[in-house]
1. So what J values fall out for the range 87-102 if you push phi through Karplus, 6.51 cos²θ - 1.76 cosθ + 1.60 with θ = phi - 60°, rounded to Hz, Gly and Pro as x?
2. In whole Hz, with x marking every Gly and Pro, tabulate ³J(HN,Hα) for the range 271-284 from phi via Karplus 6.51 cos²θ - 1.76 cosθ + 1.60, θ = phi - 60°.
3. Taking amide H positions as placed in the peptide plane 1.01 Å from N, state which residues far from Ile128 in sequence (5 or more) or on other chains have amide H under 5 Å from it.
4. Multiply the residue separation of His60 and Glu217 by 0.36 nm, subtract the distance between their alpha-carbon atoms, and state the gained length in nm to one decimal.
5. Using a simple charge model, +1 on the beta-carbon of Lys and Arg, -1 on the beta-carbon of Asp and Glu, nothing else, what dipole does the range 58-209 show about its Cα centre, in debye to the nearest 20?
6. What FRET efficiency do you get for Asp277 and Lys115 if R0 is 45 Å and r is their Cβ-Cβ distance, rounded to the nearest 0.05?
7. Starting from 0.36 nm per residue, how many nanometres of slack lie between Asn100 and Asp138 once their C-alpha separation is accounted for?
8. Roughly what would the spin-label model give for Phe251 and Asn226, points 7 Å off Cα along C-beta, in nm?
Amino acid sequence: MNLFWCKQHKKKPRAVRLPSLFTKVSFNLLIPALLLVSYHSTTLGYVRTTSPDGTPIHWHRSCIFISPDSAGSSDVGADASLEAVAGGTEEWNYAASECNSYIKFIINEPKPNLKRGFTTNGTNKNVIVWLEEHWGDDEIDYERNAIALSTITFVSDPGAEDDGEILDADIEFNGVYQKFSVSPEGEAGKYDIQNTLTHELGHVLGLDHPCHDGEVEPRPVDHEGNPIPDCYPEWSLDDSITEATMYNFAFTGETKKRNLTDDDIAGLCAIYPPGDDPDVCAPVSFRPQGCSCRQISKHGNPSPAAIFFFSILGLLGFLRLFLREHSSNISGGSKE
Ligand SMILES: [Zn+2]
């Protein structure tokens with residue numbers, strides 16, 4: 001029996017903030033020595049971001065359209081900012097082509113005043129914006145020590161066909177409290193845009209940080225199901241972790257994250273293997289009329305669905321942000 005399943009949105013998503021920041025020093029003091037020893041020998045490949053029920057998230061598309069703000073960063077100007085965006089997407093695209101992965105970033109024409117956030121009415125744009133006046137959104141102020149922030153919106157509906165499907169991804173740069181540069185050698189006191197962006201694009205693809213800084217509980221697991229190691233002390237970590245583009249931290253003048261490491265590439269290739277190509281290269285249009293109907297092969301009534309708007313605040317620097325989780329109540333119904 002095929003059910004024709006419609007979801008209707010009843011409420012505007014609400015935002016919930018999870019644990020706030022720890023400075024490197026204070027967090028370091030909180031780490032029990034035993035824990036450090038326990039996870040020291042853990043080897044790692046890559047870590048996938050998962051929904052609250054543990055489903056790894058990924059795009060159900062062959063392409064990810066990226067819309068950069070045409071103004072770019074006021075520190076370096078529009079052209080240099082957009083060049084950095086191109087460089088970051090090309091790095092991931094090249095890695096994808098090397099393992100015959102189908103996934104590809106496509107950059108849309110830069111436009112001014114792009115709308116951030118996720119809407120349940122119509123097509124969402126995956127924007128890259130530089131915030132220069134207010135580091136935050138309508139609801140909250142972001143942590144000022146963040147360099148950039150990625151917000152990934154995906155379906156969390158255990159058992160459903162689209163569980164874990166990424167619907168939207170926005171990247172925001174902190175132009176209010178941080179300085180940016182684009183020099184290939186890096187610039188003292190400034191964060192390299194391409195270095196930052198390449199890391200954030202990894203979040204957009206569905207990759208998470210390779211070590212545990214205490215912000216996400218329970219402790220994430222790597223691709224083999226092993227708990228990831230603590231980020232502190234840094235000397236306890238394998239180079240494959242600290243050198244990865246997806247490593248949690250970055251410093252001013254750093255540019256090494258422009259280049260993906262084997263673990264970053266392994267993550268990309270595993271999430272989007274050639275055999276899984278959905279062969280659909282189009283923006284995600286989610287519930288254009290506020291009602292999503294699809295045909296699924298399923299018996300019985302679907303359980304009430306929930307979509308969690310799970311925001312990854314990808315903080316680079318010596319601090320890491322918090323996770324923000326949005327959730328909305330959605331009614332599930334069926335008709336034949
Ligand atoms: Zn991050």
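Laboratory data are not the source of any read-out in this text; all were calculated from the coordinates shown. Not measured: the values here are computed from a predicted model. Methodologically, a virtual Cβ is constructed for each residue, glycine included, from the backbone with ideal geometry; neighbour enumeration extends over all protein chains shown.
1. My calculation for the range 87-102 gives x, x, 5, 5, 4, 5, 5, 5, 4, 4, 5, 5, 10, 6, 6, 7 Hz in order.
2. 6, 10, x, x, x, 9, 4, x, 6, 10, 10, 7, x, 6
3. Residues meeting the criterion, in which the H sits 1.01 Å from N, are Ser67, Asp69, Ile171.
4. Numbers: separation 157, 0.36 × 157 = 56.52 nm, distance 2.64 nm.
Contour length minus Cα-Cα distance gives 53.9 nm.
5. Working: 9 positive and 28 negative charges, 58 e Å.
Dipole of the range 58-209, to the nearest 20 debye: 280 debye.
6. Details: r = 30 Å, r/R0 = 0.66.
The value I calculate is 0.90.
7. On the way: separation 38, 0.36 × 38 = 13.68 nm, distance 4.09 nm.
Here the segment from Asn100 to Asp138 would lengthen by 9.6 nm.
8. With each label point 7 Å from Cα toward Cβ, the separation is 2.7 nm.
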